[in-house]
Amino acid sequence: MSSEVIASRAYLRVSEIANNRRTKQPGIIPVSAATWWAWVKAQKAPQPIRLSAGVTVWRSADVLAFAESLAERAA
């Protein structure tokens, strides 16, 4: 299976998307989790997928496309 196929099927949690305060790890998008959730609520960011009451994920392809659109707007 190609890496593109794998990436399109992968899911990300908010700790991987936004900066993680606990581990001090940067996220894919350099914003806080609070900002990410505000963007989701305002429907600026991709909408999440609820796997269970405590597990929310996003498709990695959607998050990467969103990050690319942010980069294009900033340029």
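Compute the Cα gyration tensor for the stretch 27-75, then decide on rounded, prolate or oblate, letting a ≥ b ≥ c be the square roots of its eigenvalues: rounded whenever a/c is under 1.5, prolate when a/b is larger than b/c in the other cases, and oblate in all that remain.
On the way: a/c = 2.14, a/b = 1.70, b/c = 1.25.
Judged from the Cα gyration tensor, the stretch 27-75 comes out prolate (a/c at least 1.5, a/b above b/c).
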(request) Work out how much length residue 25 to residue 75 would gain on full extension: take 0.36 nm times their residue separation and subtract the Cα-Cα distance, in nm to one decimal. (result) 15.5 nm
(request) Enumerate the calculated ³J(HN,Hα) couplings along the stretch 24-29 in order (Karplus 6.51 cos²θ - 1.76 cosθ + 1.60, θ = phi - 60°), each rounded to whole Hz, writing x wherever the residue is Gly or Pro. (result) 6, 8, x, x, 4, 10
(request) May I ask you to compute the full-extension gain from residue 42 to residue 56, defined as 0.36 nm times their residue separation minus their alpha-carbon distance, rounded to one decimal in nm? (result) 3.4 nm
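Values in this text are rule-based calculations from the coordinates and carry no lab data. Note that the structure is predicted; figures quoted are calculated from it, not measured.
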